[in-house]
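Each remark here refers to the structure printed beneath this line.
The values are calculated or read from the model by the stated rules, or taken from the named source; none is laboratory data. All values reported here derive from a predicted model rather than from experimental measurement. Backbone-built Cβ (ideal geometry, glycine too); neighbour counts: all protein chains shown. Surface areas here come from the heavy atoms of the whole protein model, side chains and all, with no ligands, DNA or RNA. Shrake-Rupley method; radii C 1.70, N 1.55, O 1.52, S 1.80 Å.
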Amino acid sequence: PGLSYTWLFNNNTLDLQEDSRRFVSQATGNLYLAKVEPWDVGNYTCAVSSAQARRQVWGPPTALTLRGDGVMGEYEPKIEVRFPESTYAAKGSSVRLECFALGK
């Protein structure tokens, strides 16, 4: 609780105010990019901050490169479902089960 996630692109904070292709989940910290374009190529770095701890830390940069052949390689169409063996919930609480699809 109390964590805030920000992403940097080539050492500049990503401005996602009016960007319908990119989204940062404040629940997980994940950065989602839809319909990757050539100008998305570069280094992405996640920064996590805690106002309560008055601290911010950065992860290592991750390079995004564009494949010239348009082939997804190991990421050919597939659907992944990640669920724990058991999920417990208290009556009246919320539960999130995640399903992830990737491919072209």
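Do we have residue 26 as in contact (Cβ under 8 Å) with a residue 12 or more places away in the chain, part of a loop (DSSP other than H, G, I, E, B) and open to solvent by 90 Å² or more (accessible area, probe 1.4 Å) here? Criteria met by residue 26.
When the residues of region 59-85 are narrowed to those that are assigned to a strand (DSSP E or B) and modelled with pLDDT of 85 or more, which ends up nearest to residue 2 (Cα to Cα)? For region 59-85, the residue satisfying everything is 62. Residues that are open to solvent by less than 70 Å² (accessible area, probe 1.4 Å) and not in a strand (DSSP E or B) were ranked within region 91-103; the one that is modelled with the highest pLDDT is 93. Across region 29-57, the number of residues qualifying as in contact (Cβ under 8 Å) with a residue 24 or more places away in the chain, exposed (fewer than 10 other Cβ atoms within 10 Å of the Cβ) and not in a loop (DSSP other than H, G, I, E, B) comes to 1.
In region 1-23, the residue that is least open to solvent (accessible area, probe 1.4 Å) out of those that are among the charged types (D, E, K, R) and more than 14 Å from the chain's Cα centre (by Cα) is 19.
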